[in-house]
Structure formats: structure tokens, C-alpha cells
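For reference, the structure discussed in these notes is given below.
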Amino acid sequence: MMEIIVLGSGNVATHLFKAFSASEGIRIKQVFNHSAASLGFFKKHTEVTTEISEIAEADIYLMALKDDVISDVAKKFSNKSGLVVHTSGSVALDALSGCSRRGVFYPLQTFSKENDVDYSEIPFCLEATSEEDLKLLRNLAGKISGKAYEISSQQRKKLHLSAVFVCNFVNHLYAIGEQICQKGEIPFEILKPLISETANKVQQASPARVQTGPAIRNDHSTIDAHLRLLDSSGENKEIYTLLTSAIQTFHGKKL
């Protein structure tokens, strides 16, 4: 039985807790967070604590914490014999340098507490300082997912940057599209099949190859008409102009 202690109570911690709790061969021994109020959900299922000094011994200490506190918290685990790992996409393995055994267990997915996800489809990016610990992380990932990759800290930083572009920035563009629809009294649902088809295309082909729209067609009349519609929204107009220019530059077209 693999014993795990989860540090954190946010989106990633909650999702991994649920996934591991439903898996055979894993026991969530304890959950830690500084805020007692945030531990209500976990308290129904396992032991919880708000004190680092009360954290028990375990095989793996899973730090699903904010990036800027990982290094400081890790220093308090220098006397632990278990494997200390963090779940961040942008923090290097060296942030755990005070721990004798350290690694990274990064699930590349967007998490919201209220939304269920298919854990079997989530890629886990793994890193460790020893082959033995890397094998342990592969085993852990294999309990909930069929996709695990050995990714270095440098690779993970670039991967996380890519994820910001394809997830966070794209979602903001969805929000702008929704806002434009709302102002025009148009149901945003009309755009959802388009959103789905756009996402489906890149499952089968390079995003560069399936690019469509007025920018790649060099359709100046449509671009100018869109910019006139955006006259009252300076920031959105700037975003539209920047992305149009970026698409045309990427594909070697002139404005």
C-alpha cells in the first residue's frame, strides 16, 4: 500500500485527492494546509492538520501548493525519508534541494473543483533525482492515468509556457467572444460547436496547418470591418490587431 500525504487544498490537491482515493493500492494518510477552513472536505475522508510539525511519515509527500511557497515549505521536509514532490509546471526540481529524495509530479490539465475530469487522459510529467524514485512516480501515475512522460525542469518550463498559450490565453479569447455576443444580444451557445471543432482539428493535425480566418486569407475588408466594430473597445481592438499580425507573420503573409 502506497501512503501519500497531500499538502494543499486547492484545485489540484482536491482533484488528485479524489483520484487517488478511488484507486487501489493508495492510501491518503493525511492532508495538510495552513487554513483549517479549507480542510472541511478532506476532513470527512482522512486525517487533516494545519501544523507542519504534525505531518506523519509517508512514502510520498505531494506538494500541491502555490509556486512561491514550495521552496520554503520543502525546507521543512529535509528530515523526511519519503519522496517529496511538487505538482508545479513552472518550478524547477531544484526548489526541493533541501530534501534527500525529491521529484516532480505535474498533471498537465486545467482543474476546477466543480468540474470532473477524465484522469485516465491526463498526461503526468515526471522528474526525480534517482531512477528508483522515478519508477515510484511512474507507478503512482499509472494508478490513475495511462499517460506518463519523463520531462526535465527545463522542458517543463517550456511546456507550461505552451500550456498558458493553448489554455489560459485561449480561454480569455473565449471570454472576449462571450462578451461581444452578450453586447449583441446573441447566445454564446451558437459558438460552442465552432469551439469544439477547432479543438478537435488539432487532435489530428498541426495547428499551423489548419489555421483559418481573415488573417491568413489576407482579407483586408473583413479585418477592417472587425476593427471598426471594436472601436469602442480599445483593449480588444489591440488584441485583434496583435493576433492578426502574429498569424500573418507566422504564415509569411503581409499586412
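The values are calculated or read from the model by the stated rules, or taken from the named source; none is laboratory data. It should be emphasised that the depicted structure is a prediction, and the values quoted were computed from it without experimental measurement. So basically every Cβ, Gly included, is an ideal-geometry build from the backbone, and we count neighbours across all protein chains shown. The accessibility values were calculated without ligands, DNA or RNA, using every heavy atom of the protein model including side chains. Shrake-Rupley method; radii C 1.70, N 1.55, O 1.52, S 1.80 Å.
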Do you know which residues across segment 28-45 are over 19 Å from F77 (Cβ atoms) and either surrounded by 13 or more Cβ atoms within 10 Å (Cβ to Cβ) or among the β-branched types (V, I, T) (or both)?
-> S38, L39, F41, F42
Evaluate the following for I190: is it part of a helix (DSSP H, G or I) and surrounded by 12 or more Cβ atoms within 10 Å (Cβ to Cβ)?
-> no
Which is open to solvent by less than 40 Å² (accessible area, probe 1.4 Å), within 21 Å of the chain's Cα centre (by Cα) and modelled with pLDDT under 95, of H15, H86?
-> H15
Quick one: which residue in S120, S153, S130 is touching a residue at least 60 places away in the same chain (Cβ under 8 Å) and surrounded by fewer than 18 Cβ atoms within 10 Å (Cβ to Cβ)?
-> S153
Taking A19, is it touching a residue at least 12 places away in the same chain (Cβ under 8 Å), closer than 21 Å to S152 by Cα, in contact with a helix residue (DSSP H, G or I) (Cβ under 6 Å, 6 or more places away or on another chain) and aliphatic (A, V, I, L, M)?
-> no
Residue count, segment 198-240, condition among the polar types (S, T, N, Q), free of Cβ contacts under 8 Å to residues at least 40 places away in the same chain and not in a helix (DSSP H, G or I), comes to 5
Do we have V31 as modelled with pLDDT of 95 or more and over 20 Å from L134 (Cβ atoms) here?
-> yes
Of the residues that make up segment 168-183, is at least one outside any helix (DSSP H, G or I) and without any contact (Cβ under 8 Å) to a residue 12 or more places away in the chain?
-> no
Residue list for segment 89-116, restricted to those being assigned to a strand (DSSP E or B) and of a type outside the set (F, W, Y) | R102, G103, V104, P107
Are there any pairs with C-beta distances below 6 angstrom linking a residue in segment 57-72 that is within 20 Å of R27 (Cα to Cα) and in contact (Cβ under 8 Å) with a residue 12 or more places away in the chain to a residue that is buried (at least 21 other Cβ atoms within 10 Å of the Cβ) and among the polar types (S, T, N, Q), with the two at least 6 apart or on different chains, and if so which?
-> A64/T87
Criterion (within 19 Å of I239 (Cβ to Cβ), open to solvent by less than 70 Å² (accessible area, probe 1.4 Å) and of a type outside the set (S, T, Y)) met by exactly one of A199, A215, A208 = A215
